[in-house]
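This report concerns only the one structure given below.
The values are calculated or read from the model by the stated rules, or taken from the named source; none is laboratory data. Keep in mind that this is a model prediction, so the values were computed, not measured. Positions of Cβ are generated from backbone atoms using ideal geometry, with glycine treated the same way; all protein chains shown enter the neighbour counts.
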Amino acid sequence: MNSSTIMFSNMFSDKLFYKHCKRQSMLHRSAIDDRVGASVMSAKAVRNFRTGSYFEPPDYGLFSPNKINLTRGRRFDCAHSPQRSKAMEQTMIFRQLFDSVSGTYTYLIASRQGGEALIIDPVLEKVDRYLQLVRELDLKLVKAVDTHLHADHITGLGALRDHTHCITVMGEQTKADVVAMRVAEGDRVSIEGVSLDVMYTPGHTDDSYSYLMGNRIFTGDTLLIRGTGRTDFQNGDPRAQYDSIFNKLLRLPDETLLYPAHDYKGDTVSTIGEEKRFNPRLQVKSIDEYVDLMNNLNLPNPKMMDVAVPANVHIGLHQDEIARKGWALSATQALSLRGRTDTTIVDLRERSERERHGVIPGSLHAPYPDLQENLSAGGILHELAMATGKRIVFYCAFGERSAMAVQAAQDAGLKSACHIEGGIDAWKKAGGTIEQ
Ligand SMILES: [Fe+2]
């Protein structure tokens, strides 16, 4: 869920707050963060609470026509009635866009017109087209995901981030320099009304991931329509790919719709069941037979490889620029902030990241997607800074979101705002303590 959350430990005791919210039927899924031992409430919920209007947006990724057993044994049950699911599907935006030069499919997804959107595997040369579509559909692009480090085209992640300030997402194994959010098996990538389950499916590359959204699976180059992604460069491994395909992807229900990152024959979508029966690469009797098959493809390298791979590794925001303006603290400098009463440290990451990687003790939680709302007049961060005069110090995973947040805060008039360069990753490396 995307609503901004911020701790209100001084306003309510945890128990009292929880009871109070529940009584008012206003609990947002992310409104309570009991892990950090403090009450967390969405900023939207606060306003809605004050005005008496509460809502719960739909979540496409949380329902599925079947129970799906993922590799970690998690089960997802149908949380909505078929009628409601159908109604939500009807309002959903799902666009499959094509780059004919690289044969790449890009997916633009939103739960509704006017809502938040995410994009999967954008191509640099098509960024203007994506942005135009985003504008036309009145969407707010909040996340841009690459299934893996591409070798055949330059990713649009960096350009989309620069234009929209969206969060860039890749797997934790990626060699891309500054991806804002790194995900792992079992994580979820969520926006308003949409949730993607993250599946680590290495083999084509060692940073290849697939994303499951209800009855749709985005397989990147791991499993293609009547093909599989090559495994002969970028730490590719046919054995790992066999495992990803046969022990993960093919265990999804047969009717799951398969959307790959590429197609060169004109196919747009398949199903898991169809690929089981008709994909020639999958008609093998053993892992050794598959490895042998993949090791003897003798394919030429992609034409763009020498350009695309280095370009895709360097998509990071230039945190140096923020530092040059005097708006950055090194992790070592940030350590001295502990116990200071004139500073508020604000965590911009999502709840799942906080749970997995821990938090800086005493920090507040205000997720990045609602930053603008929180920084504008009347917003929680704006009011906090104005009312207390405290310096706001942002941090995130690696400094990417926090660098953008500092610029936004400065633009909003919070002239003392700064961030921790390198994020909580740098904080940990500098010996900073973490609260789990
Ligand atoms: Fe690829």
_I want to confirm something. Restricting to the stretch 258-299 and keeping residues that are among the β-branched types (Val, Ile, Thr) and under 30 Å from the mean Cα position of the chain (by Cα), which single residue is nearest to residue 242 (Cα to Cα)?_
272
*Hand me the list of strands (runs of 3 or more DSSP E) wholly inside the stretch 171-275 holding 3 or more residues that are under 26 Å from residue 92 (Cβ atoms) and either polar (S, T, N, Q) or away from the ligand (no atom under 12 Å from the Cβ) (or both).*
188-191, 194-200, 209-213, 216-220, 257-260
*Looking only at the stretch 279-296, count how many residues are outside any helix (DSSP H, G or I) and surrounded by 12 or more Cβ atoms within 10 Å (Cβ to Cβ).*
3
*Among the residues of the stretch 317-333, is any part of a loop (DSSP other than H, G, I, E, B), among the small types (Gly, Ala, Ser) and modelled with pLDDT of 90 or more?*
yes
*For the stretch 426-434, indicate whether the set of residues that are among the basic types (Lys, Arg) and under 17 Å from residue 166 (Cα atoms) is non-empty.*
no
_If I go through the stretch 147-170 residue by residue, how many of them are within 14 Å of the ligand (Cβ to nearest atom) and assigned to a strand (DSSP E or B)?_
2
*Does at least one position in the stretch 149-168 carry a residue that is buried (at least 23 other Cβ atoms within 10 Å of the Cβ), within 19 Å of residue 249 (Cα to Cα) and not basic (Lys, Arg)?*
no
*asked:* Against the condition surrounded by fewer than 22 Cβ atoms within 10 Å (Cβ to Cβ), at pLDDT 95 or above, touching an Asp or Glu at 6+ places or on another chain (Cβ under 6 Å) and small (Gly, Ala, Ser), how does residue 227 come out, does it pass?
replied: no
*asked:* Filter the stretch 217-240 down to the residues that are within 9 Å of residue 205 (Cα to Cα) and in contact with a Phe, Trp or Tyr (Cβ under 9 Å, 6 or more places away or on another chain) and list them by number.
replied: 222
*State all residues of the stretch 123-146 that are closer than 17 Å to residue 191 by Cα and either of a type in the set (S, T, N, Q) or within 16 Å of the ligand (Cβ to nearest atom) (or both); if no residue qualifies, say none.*
145, 146
*Go through (1) without any contact (Cβ under 8 Å) to a residue 60 or more places away in the chain; (2) in contact with a His (Cβ under 7 Å, 6 or more places away or on another chain) one by one and return the number of the condition residue 387 breaks.*
(2)
*asked:* Suppose the filter is away from the ligand (no atom under 16 Å from the Cβ), within 16 Å of residue 95 (Cα to Cα) and in the same structural domain as residue 98 (by TED's automatic domain parsing); does residue 114 pass it?
replied: yes
*Pick from 349, 338: which is part of a loop (DSSP other than H, G, I, E, B) and under 25 Å from residue 162 (Cβ atoms)?*
349
*For residues that are among the hydroxyl-bearing types (Ser, Thr, Tyr) and under 17 Å from residue 371 (Cα atoms), scanning just the stretch 134-170, find the one that is nearest to the chain's Cα centre (by Cα).*
168
_Residue list for the stretch 122-146, filter: in a helix (DSSP H, G or I) and crowded, with 24+ Cβ neighbours inside 10 Å_ = 130
